[in-house]
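Trainee: Sharing a structure below in structure tokens format, with a few things to ask.
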Amino acid sequence: MNVQTKAEQDDQADDQRPGIQSVEIGAEILRALATFGRPVPLRSLAAKCGMPVGKVHRYLVSLTRAELVEQDATNGYYGVGRSSIAIGLSGLWACSPVKEAASAIAQLRDNTQETAFGAIWTDMGPTICLLEESDRPIYMNIRVGALLPIYLSAAGRVFAAHLPEELVKKVVKLQEHALSVSGQKFTSAQLRELHRETRANGYAAIAGLSVPGVNAVAAPIFDHKGKVTVVIGLLGRENDLPLFGESRHIKSLLDYAALASERLGYGAGAGTRQAEEA
């Protein structure tokens, strides 16, 4: 028997309350306009919305007066207005990448029952900033504030694959001793392939490099500019945390990382623009 919480009942009631249809249609037109990423003709926007040209034009008149939409004086094309931009920036400023990562790893830990973590990039290298421990503790010296080796950790490999080369090289130089002690050496060709594979898969995985018998997997969270802000991941015993791409653990990791990226504004309309420009 499913028992709804008070919050769920309130949400359901909100969905069923009559709203102002014209506001909802205006919002739909704005969302469609934002996917183009550039000023577009009225007919293109109407086609995108699946609405008659005359109807879309009437809404655009009001949206333009409210400065939510701007019309180019030279060609008549419509683009996102200054008020829409201000609203979007306000939403982005209210979003904290670490806050989004904290929410993601809490859900990830609950979903997988494995230890979840978040790491940020510092001048010293990848650093643990968030940790949600599993009920199944693993014997690993990891804590908030701990530095991670750049190529011997899953999070480090994710950062290395996405950050500018000069930033990565600085940290590699600082960590030269740790790399030499580990006995792990990589040629330039091997590193290029490692970066390519990490970007292609969307995650990096480590099997027992830092601690024998402990696996790790990590994925990036991107901001609205497409930059890696936080890397989130999972730690677990090799029998509990499989490292092949079809595993539910990796699927959950990728799903939560993608959701956090989306909430930070990553990828809005990018796929649509690429398809139209192809």
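This table checks each residue for (1) surrounded by fewer than 24 Cβ atoms within 10 Å (Cβ to Cβ); (2) outside the structural domain of Asp255 (by TED's automatic domain parsing); (3) in contact with a Leu (Cβ under 9 Å, 6 or more places away or on another chain).
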{"residue": "Thr115", "(1), (2), (3)": "no, no, yes"}
{"residue": "Thr122", "(1), (2), (3)": "yes, no, yes"}
{"residue": "Arg136", "(1), (2), (3)": "yes, no, no"}
{"residue": "Pro149", "(1), (2), (3)": "yes, no, yes"}
{"residue": "Ala154", "(1), (2), (3)": "no, no, yes"}
{"residue": "Glu165", "(1), (2), (3)": "yes, no, no"}
{"residue": "Lys169", "(1), (2), (3)": "yes, no, no"}
{"residue": "Leu174", "(1), (2), (3)": "yes, no, no"}
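Trainee: Please verify whether segment 180-196 includes one or more residues that are surrounded by 12 or more Cβ atoms within 10 Å (Cβ to Cβ), modelled with pLDDT of 90 or more, touching a strand residue (DSSP E or B) at 6+ places or on another chain (Cβ under 9 Å) and not basic (Lys, Arg).
Mentor: Among the residues of segment 180-196, at least one is surrounded by 12 or more Cβ atoms within 10 Å (Cβ to Cβ), modelled with pLDDT of 90 or more, touching a strand residue (DSSP E or B) at 6+ places or on another chain (Cβ under 9 Å) and not basic (Lys, Arg), which makes the answer yes.
Trainee: Mind checking which residues of segment 50-73 are under 30 Å from the mean Cα position of the chain (by Cα), surrounded by fewer than 18 Cβ atoms within 10 Å (Cβ to Cβ) and not acidic (Asp, Glu)?
Mentor: Across segment 50-73, the qualifying residue is only Gly50.
Trainee: Within segment 20-40, identify whether any single residue is on the phi < 0 side of the Ramachandran plot, in a loop (DSSP other than H, G, I, E, B), out of contact with any strand residue (DSSP E or B) (no Cβ under 7 Å at 6 or more places or on another chain) and at pLDDT 90 or above, and answer yes or no.
Mentor: no
The values are calculated or read from the model by the stated rules, or taken from the named source; none is laboratory data. Note that this is a predicted model, so its numbers are computed, not measured. Ideal geometry is used to build each Cβ from the backbone, glycine not excepted, and the neighbour counts take in all protein chains shown.
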